[in-house]
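Enquirer: Take this structure first; my questions come after.
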Amino acid sequence: MIVTGDDFGLSTPVNDAIVKAHEKGILTTTSLMVSAPAAVDAIARAKNLPDLNVGLHLVLSNGKATSPAADIPALAHANGQLDNNLVRTGIMMFFDPATKKQLEKEIRAQFEAFKATGLRLDHVNAHNHMHLHPTVFDLIIKIGKEFEVTAIRIPNEPPLDSITSGIKDKLLRQFRFVFLKPFVSRMKKLCEANNIKHNNTIYGLNDSGHMTIDTLIRIIPHIDDGVTEIYSHPATERWDEIDPAANDYEFEAEYKALIHARTIRTIEKFNIELTGFNDGEQV
């Protein structure tokens, strides 16, 4: 089972949580935002943690662009911040050739920035799961060949009755699973056609920001054969300038879940091996 902390580099409390959860808890893997405010700190820490698997967390919305804003005006504002309107940006990425060209430039810039860190590239995924977008995913496959991408996260979360909180929540999880299925199927086929590893199942999509101890304890018994990834957004404390979209996230509770003795005991009880995308056989 792969256990990932997303948004490495976003802030010092996020970096603190990821490092501590790797050293003292169950976290095996993290995803780096190369242009985030605390990316330099994250990179320095990662270089002292040889067993921490670090991947690229592509940021194409709700964050700072890596390319100069003047080079990607369809994606970024003059201040360098990427457009947060996912619907508008997604439509432009699909239909507008100029936007596609700028998107390729930005994705390549982030791959280049990761390469410049000197860290081994463990995997690729995207902030807000933007790699579900066919144009984005195709560019990851294309550009990834140049940077020896070996693994990609696929947001395929089955709806579990054990973690639902009522009929409305149950229906929402089922709808999301069915809606994403064609995108997920396409991603799997392209990964397999290009010899790229991927997870079969993921947990963290339906409970984003709320992967607390209780949530993990209800999920772990359902881990089965194949490659499963659990991801969360841990932080040791809240910080200034949290994205409004993540205002209700339980950052500290997610961190505590990764280091809690109860979580560790449950993993041991079900004989689950903690691993990374490129560590051989995964359970």
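Every number here is computed from the coordinates shown, using simple stated rules; none is lab data. No experiment lies behind these values; they were computed from the predicted model shown. Quick reminder, even Gly has a Cβ in these numbers, built from the backbone with ideal geometry, and neighbours come from all protein chains shown.
Enquirer: What stretch of the chain, leaving out the sites themselves, is the longest with no GluC sites (Glu not before Pro) in a DSSP loop having at most 15 other Cβ atoms within 10 Å?
Expert: Longest gap between qualifying sites, sites excluded: 1-147.
Enquirer: Taking the Cα centre of each part, how many Å lie between segment 26-81 and segment 257-272?
Expert: Distance between centres, Cα-based: 30 Å.
Enquirer: If you don't mind, there's one more thing I want to ask. If I stretch the segment between Lys24 and Arg265 completely, what's the gain in nm (0.36 nm per residue apart, minus their alpha carbon distance), one decimal?
Expert: Values: separation 241, 0.36 × 241 = 86.76 nm, distance 1.34 nm.
Fully extending the segment from Lys24 to Arg265 adds 85.4 nm.
Enquirer: Compute the relative contact order of the chain as a whole-number percentage, counting only Cα pairs closer than 8 Å that sit 6 or more residues apart in sequence.
Expert: 23
Enquirer: Cα-Cα over 28 Å: which of Lys20/Lys115; Lys189/Lys256; Lys145/Lys256; Lys105/Lys170?
Expert: Details: Lys20/Lys115 25 Å; Lys189/Lys256 36 Å; Lys145/Lys256 37 Å; Lys105/Lys170 40 Å.
From Lys20/Lys115; Lys189/Lys256; Lys145/Lys256; Lys105/Lys170, over 28 Å: Lys189/Lys256; Lys145/Lys256; Lys105/Lys170.
Enquirer: Mean-square fluctuation check for the chain, GNM, Cα pairs under 10 Å: which of Asn79, Asn125, Asn53 is largest?
Expert: Checking each option, the largest mean-square fluctuation is seen for Asn79.
Enquirer: Taking other Cβ within 10 Å of each residue's Cβ, how do Asp243, Asp51 sort, fewest first? Don't jump to the answer; show the numbers that get you there.
Expert: Values: Asp243 14, Asp51 9.
Ordered from fewest to most neighbouring Cβ atoms within 10 Å, Asp243, Asp51 come out as Asp51, Asp243.
Enquirer: Starting from the 7 Å offset along Cα-to-Cβ, what nm value, one decimal, do you get for the label separation of Lys115 and Ala246?
Expert: My value for the distance between the label points is 2.7 nm.
Enquirer: In what sequence, highest mean first, do 168-178, 193-203, 83-93 appear when ranked by Cβ atoms within 10 angstrom? Write down the numbers at each step before the final one.
Expert: Details: 168-178: 13.6, 193-203: 17.5, 83-93: 15.2.
Ranking, from highest mean packing down: 193-203, 83-93, 168-178.
Enquirer: Report the paramagnetic label zone for Lys189: residues of segment 125-141 whose backbone N is under 20 Å from a point 7 Å from Cα along the Cα-to-Cβ axis.
Expert: 131-141
Enquirer: Follow-up question, since we're still on this one. Give me Val59, Val3, Val227 ranked fewest to most by other Cβ atoms within 10 Å of their Cβ, as a rough exposure proxy.
Expert: Working: Val59 24, Val3 27, Val227 19.
Ascending number of Cβ neighbours within 10 Å: Val227, Val59, Val3.
Enquirer: Whole angstrom only: what separates the Cα centroid of segment 194-234 from the Cα centroid of segment 85-144?
Expert: Centre-to-centre distance over Cα atoms comes out at 23 Å.
Enquirer: Can you give me the distance in nm between label points at Asn85 and Lys170, each placed 7 Å from the Cα along the Cα-to-Cβ direction?
Expert: It works out to 3.9 nm between the two label points.
Enquirer: Taking the chain as the reference, fit the longest principal axis to its C-alpha atoms, fit the long axis of helix 12-24 to the helix C-alpha atoms, and give the angle between the two in degrees, 0 to 90, nearest 10.
Expert: For 12-24 against the chain, the angle is about 40 degrees.
Enquirer: Now for a different question. What does DSSP give for the chain in terms of the percent of beta bridges that are antiparallel, rounded to the nearest 5?
Expert: Just about 10 percent of them are antiparallel.
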